[in-house]
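Structure record follows, encoded as structure tokens.
Laboratory data are not the source of any read-out in this text; all were calculated from the coordinates shown. Since the model is a prediction, treat every value here as computed from it, not as a measurement. When we count neighbours, we look across all protein chains shown, and the Cβ atoms used for this are built from the backbone with ideal geometry, even at glycine.
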Amino acid sequence: QFFDPTYTWVNGIIMSSSATTGQIAPITISINAGSSLQKGSAVQQTYNQYNTYYTPDTIQIVPGTAIIWVNNDSIEHTILSGTSTQQYATNPFKPDGKIASGKIEPGQTFMVVVNETGIVRFYDPQYTWMNGLIISMPSTQSYTIGASSHNPGLH
């Protein structure tokens, strides 16, 4: 309970409870067909969809979420996480070891659980234009609880 000792009609109750955690549904990211071509497949070029290498390419999750990459391309791909080197003429990313899939053959999947909070950039080291972001933030909820006033109009 809380109250203002000067204006005792200003009072209320604060209740706190732990959020119940259930099974967090995994997030699926598709490695799209034609992604190994820097400007995408012929179909992607026809519709001016140049950055559709992953669907989705940016996701927001809570820590503990499983992320599954599905290789829908006709060639193998690898998923690594890393930081930007800002050297786009060579390799624009430096691996950080958080995610390392190995080879994902066409039709196969790779899963990782992201337990940390923060931003994780993922990319394919063979096709460095293929990159995306994982934004991992704990779920938070804020509530404003209104209390009825004993003296309406005074506050």
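A few points about this structure:
- Long-range HN-HN contacts of ILE99 with modeled amide H, under 5 Å: SER81
- Cβ-derived FRET efficiency at R0 35 Å, GLN38 paired with VAL62, nearest 0.05: 0.55
- Label-to-label distance, nm, for residues given as GLN108 and GLU76 (7 Å Cα→Cβ offset): 0.6
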